[in-house]
1. Whole Å is fine, so just give me how far the alpha carbon centre of the stretch D:38-77 lies from that of the stretch B:10-61.
2. Got the relative contact order for the stretch C:27-106 handy, in percent, Cα pairs under 8 Å and 6 or more residues apart?
3. Measuring label to label, 7 Å along Cα→Cβ, what does C:R105 give against each other copy in nm, shortest first?
4. Which angle between 0 and 90 degrees, to the nearest 10, do you get for helix B:48-72 versus the longest principal axis of chain B when only C-alpha atoms count?
5. Counting only other residues whose beta carbon sits under 12 Å from that of A:A64, what net charge do I get with K and R as +1, D and E as -1?
6. Would you list which lysines come within 18 Å of A:K92, measuring only between C-alpha atoms, while excluding same-chain residues fewer than 8 positions from it?
7. Provide the net charge surrounding D:I42, with neighbours chosen by a C-beta distance below 15 Å and charges set as Lys +1, Arg +1, Asp -1, Glu -1.
8. Distances from D:R30 to the same position in the other copies: list them in nm, one decimal, shortest first, using label points 7 Å from Cα along Cα→Cβ.
4 protein chains.
Amino acid sequence: MDQPVSEGPEGHVHPGYMQRKDDYLRRMKRIEGQVRGIERMISEETYCIDILTQVSAVTKALQAVSLGLLDEHLSHCVLDAARADSPDADAKLHEASQAIARLVRS
Amino acid sequence: MDQPVSEGPEGHVHPGYMQRKDDYLRRMKRIEGQVRGIERMISEETYCIDILTQVSAVTKALQAVSLGLLDEHLSHCVLDAARADSPDADAKLHEASQAIARLVRS
Amino acid sequence: MDQPVSEGPEGHVHPGYMQRKDDYLRRMKRIEGQVRGIERMISEETYCIDILTQVSAVTKALQAVSLGLLDEHLSHCVLDAARADSPDADAKLHEASQAIARLVRS
Amino acid sequence: MDQPVSEGPEGHVHPGYMQRKDDYLRRMKRIEGQVRGIERMISEETYCIDILTQVSAVTKALQAVSLGLLDEHLSHCVLDAARADSPDADAKLHEASQAIARLVRS
């Protein structure tokens, strides 16, 4: 009945998004459906502009997922490390800043 | 000598990407696989930053698909309309410009 | 009194934005003012988040200028080359597609 | 024992970028020069594509400034608040997350 806590290699017990895991899975399932919809549009030789509109919608949905995960990562993993005066806090922040840069540039 | 064409409902004969349809389908299948990979990462509570890296990769792959489709649309649909002195050319260009704006802002 | 037409090296007489040149200059002047405002905010050690908000506003204003210039370039330079059955049309489109890709990725 | 601080109006002592203020000012001055260069290009009716290339360069330079400011804000303002167990930490993080979202979408 116990829910065993599996501690990860870097010492972070649980990712910050765990409480909203089902919500993220639902959103990714919807994105998967949209991607399959685009495949169908290409198979059926749909007009290019309509495909481009769909691809922009998927990109926006993925961006929203990233921004949500990032916010929870910052508040659960990074702030918690800082609150615990863990020496990891700076390294985790540096890692998060690089993820933000990839996000901004993609 | 005749080049038979099947004219579509809006008067555009064939979408510009038709010749590379299989290539686009392959790329979208790979993107679908990457999206499912992200779902698996979330189910298995993978470290947030690793998920963000994957989401950025999918976004970049989708962007590349969009840029390819757009380029072919401009060269096949828009330029062809201009070459044929079709009155559609300006309307098609306006529509393409709006798709570019959505792409830049997404 | 004549306004001499100076034909450019690649044979494009006038850039497509010429009729709205004053509008673009006005917008760039405003952007220049916003950039100087950001410098002032940094000198006065304004709160970071407020500076970030201003930088995002400038980025959006520059994007709008780019999208406008691109639209006029496509409609005046690229479509006109296609209408004139110029062999340049494809090269010009290829060049425009690369500019779009840079815009999407920046 | 005392750590003297000059506390700002919203309770943030000093913006995180203060130590690198001169570096940011230099970068913004260079961006201002690039913006003026674009104005000159428009006055002189430079070829559109060359202007677009310059605008993309400015956008990238502004993005790099934003990413730098954001990283320093997170590490100095947000982490410090968390380390001091300040109740502000969550509010500051929320504010930073919104700035990240604006940055990603611009």
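FYI, it's all coordinate maths here, none of it is from the lab. Just so you know, these numbers come straight off a predicted model, no measurement behind them. Cβ placement follows ideal geometry from the backbone for every residue including glycine, while neighbour counts extend to all protein chains displayed.
1. A separation of 29 Å, based on Cα centres.
2. Across the stretch C:27-106, relative contact order equals 22 percent.
3. Distances to the matching label points in the other copies: 1.0, 2.4, 2.6 nm.
4. Orientation of helix B:48-72: about 10 degrees from the principal axis.
5. My count for the surroundings of A:A64 gives +2.
6. Straight-distance partners of A:K92: D:K92.
7. On the way: positive: C:R20, C:K21, C:R26, C:R27, C:K29, C:R30, D:R36, D:R40; negative: C:D22, C:D23, C:E32, C:E72, D:E39, D:E44, D:E45, D:D50.
Charge balance in the 15 Å sphere: 0.
8. 2.8, 3.5, 4.2
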